[in-house]
Each structure stands twice: as structure tokens, then as C-alpha cells.
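**Student:** Dropping the structure in here first, questions after.
The values are calculated or read from the model by the stated rules, or taken from the named source; none is laboratory data. The model shown is predicted, which means the values in this text are computed figures rather than measured ones. Here the Cβ positions follow ideal geometry from the backbone for every residue, glycine too, while neighbour counts run over all protein chains shown. Remember, those area values only see protein heavy atoms, side chains included, never the ligands or the DNA or RNA. Shrake-Rupley method; radii C 1.70, N 1.55, O 1.52, S 1.80 Å.
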Amino acid sequence: MTETTLSEWTDPAVLPAADAAALLSGASWTRMVTIGDSVAEGVREPVPGYRDLSLSRAELVH
């Protein structure tokens, strides 16, 4: 059996940045508030193959 290692660039559940930008280009809002737990605050465990971003910083990276 062949094992496929996923990364941010090959994971089918991750929306590419260009596609996300296109979906949000017509949004009527200009700000985002993140309310939540430790993940929202930025406390997380990095995963190999994925950028180490918190939810509140992810929108700043394209």
C-alpha cells in the first residue's frame, strides 16, 4: 500500500489562497474578529507540511 504524505499544497481539504481571495473579494465586511480557545489565541502544535499560522493571522498571508 502506498502512503501519501499530505501538505498544505496537496491536501484536498485546503482551499488555495487564490481561490479563498476570489471567494472573499465581494464580501461586504472588512474586519474579522476571532473569539475562541487556545487555537484562536495562537497556541497550537505545528504540523509538518503546513504553515504554522493562527486563525487570526492566516488572513494576512497570501
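**Student:** Would you pick out the residues in the range 37-62 that are modelled with pLDDT of 75 or more and surrounded by 10 or more Cβ atoms within 10 Å (Cβ to Cβ)?
**Tutor:** Correct list: Arg44, Val47, Gly49, Tyr50, Arg51, Asp52, Leu53.
**Student:** Also, quick follow-up: Take Thr2 and decide whether it is open to solvent by 70 Å² or more (accessible area, probe 1.4 Å) and at pLDDT below 80.
**Tutor:** yes
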